[in-house]
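> Okay, here's the structure, questions in a sec.
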Amino acid sequence: MKIPKKISQKDLKKIIEIIGVILLVIFIFLCFEIYIPVNAASHETIVYTAKKGMGDDEIARDLQKLGIIRSNLFFEFYVVASFQHSSLQAGRYNLSPRMSVYQIVKKLVQGNVIKETLVIPEGWDSRDIGKYLESKHVCTKDEFLKVASKDYSAEFDFLKDKPKDIGLDGYLFPDTYQASGVESCDDIVLSMLANFDKKVTPEIRSEIVKQNKSIFDIITMASMIEKEVKSLSDKKIVSGILWKRIAIGMPLQLDCTINYITDGNDPSVSIKNTKIDSPYNTYMYKGLPKGPISNPGIDSITAAIYPTKTNYLYWLSDGKTIFSQTLDQHNAAKAKYLK
């Protein structure tokens, strides 16, 4: 049995140098893969969607196929080695071959997604919102309407007095929302309801209770006011007229409720349509309609709670609002302004 020779100081130094060179080469190679982009001169930008539930391995393979990174293995290595494998966020991103793996991972971790601005105007109903979201490729109109008919009363207390057979019209708060491109219809609806929850403050809710009304009643009233007039002062006067009509047993007789039934937008509905038998027909049935007919803004909600008391019983909108105390005065105003 041969006894191995003792490694000399010179040989040991040489081995260490070789290992050092190898490690240096590996380090340079890793830096090259992580910090040097595929094509620093590229002008190409690709919109990439990291879907919810995707792991770093799936994202890495996608990016390699798209030519944004050289190797999925080095992408995964860097993400794991930097302890960021559980921090990559879903969303739509602008990525390019001129970006390094380091830059791409940083963007995904920070959630620097493409923001889609969604503007929901006051007075839209769920059908309008559904059409709009479909045009923005967020979800289809049918998908949205299905979600907007679900019961969220377990998540939001303000929905507890809403009848179960009524959808979410009235509560989908009109505002500007930011979407990252991976939201579902459910996410959008939850954002709108959460916004309503924030805007309809405890003070507002306390006042509604003090008046022996329900949030549902107020939102139903506000949804009609929203469709009738624009300024807050006019809204408060119209609110006073509508609550007065209810108190004296007079039908509300609002064309906006007929348009809700027919999904129309006729400023002067036909006599035929006023005969449609529907719980939303305020020509046929007294009191509030079955439920809200639009999604009102905070001014209309405020007007429904704090109406202005006047001697008026009628109004006419023609750029400006003309109020009348009697039917004769109202007919005269129509003859004058609606030629």
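Yes or no, residue by residue, for (1) closer than 30 Å to Val229 by Cα; (2) assigned to a loop (DSSP other than H, G, I, E, B):
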site	(1), (2)
Ser86	no, yes
Arg98	no, yes
Leu108	no, no
Leu118	yes, no
Trp124	yes, yes
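> Same structure, new question: Is it the case that some residue within region 230-239 is crowded, with 19+ Cβ neighbours inside 10 Å and closer than 24 Å to Lys131 by Cα?
Among the residues of region 230-239, not one is crowded, with 19+ Cβ neighbours inside 10 Å and closer than 24 Å to Lys131 by Cα, which makes the answer no.
> Got a number for residues in region 134-147 being at pLDDT below 95 and either part of a helix (DSSP H, G or I) or within 12 Å of the chain's Cα centre (by Cα) (or both)?
Residues flagged as at pLDDT below 95 and either part of a helix (DSSP H, G or I) or within 12 Å of the chain's Cα centre (by Cα) (or both) within region 134-147 amount to 5.
> On the given criteria, is Pro267 under 22 Å from Arg127 (Cβ atoms) and of a type outside the set (A, V, I, L, M)?
So Pro267 fits the description; yes.
> Conditions first: (1) within 15 Å of the chain's Cα centre (by Cα); (2) loosely packed, with under 14 Cβ neighbours inside 10 Å. Asn94 passes all but one, so which condition is the exception?
(1)
> Mind counting the residues in region 241-253 that are more than 15 Å from Thr326 (Cα to Cα), touching a residue at least 40 places away in the same chain (Cβ under 8 Å) and either not assigned by TED's automatic domain parsing to the domain that holds Ser324 or not aromatic (Phe, Trp, Tyr) (or both)?
Total meeting the criteria: 1.
> Condition (residue is on the phi < 0 side of the Ramachandran plot and either assigned by TED's automatic domain parsing to the domain that holds Ala90 or in a helix (DSSP H, G or I) (or both)) applied to region 160-183: is it met by at least one residue?
Within region 160-183 (the criterion being on the phi < 0 side of the Ramachandran plot and either assigned by TED's automatic domain parsing to the domain that holds Ala90 or in a helix (DSSP H, G or I) (or both)), the answer is no, since none of the residues qualifies.
> Restricting attention to region 104-116, and to residues there that are surrounded by 15 or more Cβ atoms within 10 Å (Cβ to Cβ) and not β-branched (Val, Ile, Thr), which single residue is modelled with the lowest pLDDT?
Filtering first and then ranking leaves Glu116.
> Buried (at least 17 other Cβ atoms within 10 Å of the Cβ) and either within 16 Å of Asp217 (Cα to Cα) or in contact (Cβ under 8 Å) with a residue 40 or more places away in the chain (or both): is that true of Tyr260 in this structure?
It is true that Tyr260 is buried (at least 17 other Cβ atoms within 10 Å of the Cβ) and either within 16 Å of Asp217 (Cα to Cα) or in contact (Cβ under 8 Å) with a residue 40 or more places away in the chain (or both).
> Please list, ordered by first then second residue, the pairs with beta carbon atoms under 6 Å, 6 or more apart or interchain, first in region 310-334 and in contact (Cβ under 8 Å) with a residue 60 or more places away in the chain, second surrounded by 17 or more Cβ atoms within 10 Å (Cβ to Cβ) and polar (S, T, N, Q).
Hits for this filter: Tyr314/Ser324; Trp315/Thr321.
> Consider region 137-162. How many of its residues are charged (D, E, K, R) and farther than 24 Å from Ile298 by Cβ?
Count: 6.
> Related question: Please indicate, with yes or no, whether at least one residue in region 28-47 is touching a residue at least 60 places away in the same chain (Cβ under 8 Å), exposed (fewer than 12 other Cβ atoms within 10 Å of the Cβ) and either of a type outside the set (Gly, Ala, Ser) or in contact with a strand residue (DSSP E or B) (Cβ under 8 Å, 6 or more places away or on another chain) (or both).
Looking for residues that are touching a residue at least 60 places away in the same chain (Cβ under 8 Å), exposed (fewer than 12 other Cβ atoms within 10 Å of the Cβ) and either of a type outside the set (Gly, Ala, Ser) or in contact with a strand residue (DSSP E or B) (Cβ under 8 Å, 6 or more places away or on another chain) (or both), one finds at least one in region 28-47, hence yes.
> Give the residue that is nearest to Val182 (Cα to Cα), with candidates limited to residues of region 78-91 that are aliphatic (A, V, I, L, M) and surrounded by fewer than 16 Cβ atoms within 10 Å (Cβ to Cβ).
Val80
> Among the helices (runs of 4 or more DSSP H) contained in region 221-339, which hold 1 or more residues that are closer than 24 Å to Met192 by Cβ and within 29 Å of the chain's Cα centre (by Cα)?
232-247, 255-262, 298-305
> Separate question: In region 184-216, which residue that is in a helix (DSSP H, G or I) and β-branched (Val, Ile, Thr) is nearest to Leu288 (Cα to Cα)?
In this case the residue turns out to be Ile215.
> With more than 18 Å from Ala222 (Cβ to Cβ), free of Cβ contacts under 8 Å to residues at least 40 places away in the same chain and touching a Ser or Thr at 6+ places or on another chain (Cβ under 8 Å) as the only criterion, which of Leu145, Leu159 stands out?
None of the others qualify; the one that does is Leu145.
> If you don't mind, another one. Quick check, is Ile219 closer than 25 Å to Glu143 by Cα, assigned by TED's automatic domain parsing to the domain that holds Pro267 and of a type outside the set (Phe, Trp, Tyr)?
Considered against the rule, which asks whether it is closer than 25 Å to Glu143 by Cα, assigned by TED's automatic domain parsing to the domain that holds Pro267 and of a type outside the set (Phe, Trp, Tyr), Ile219 comes out as yes.
The values are calculated or read from the model by the stated rules, or taken from the named source; none is laboratory data. Quantities reported herein were computed from a predicted structural model and do not represent experimental measurements. Counting neighbours? That spans all protein chains shown, and the Cβs are built from the backbone with ideal geometry, glycine included.
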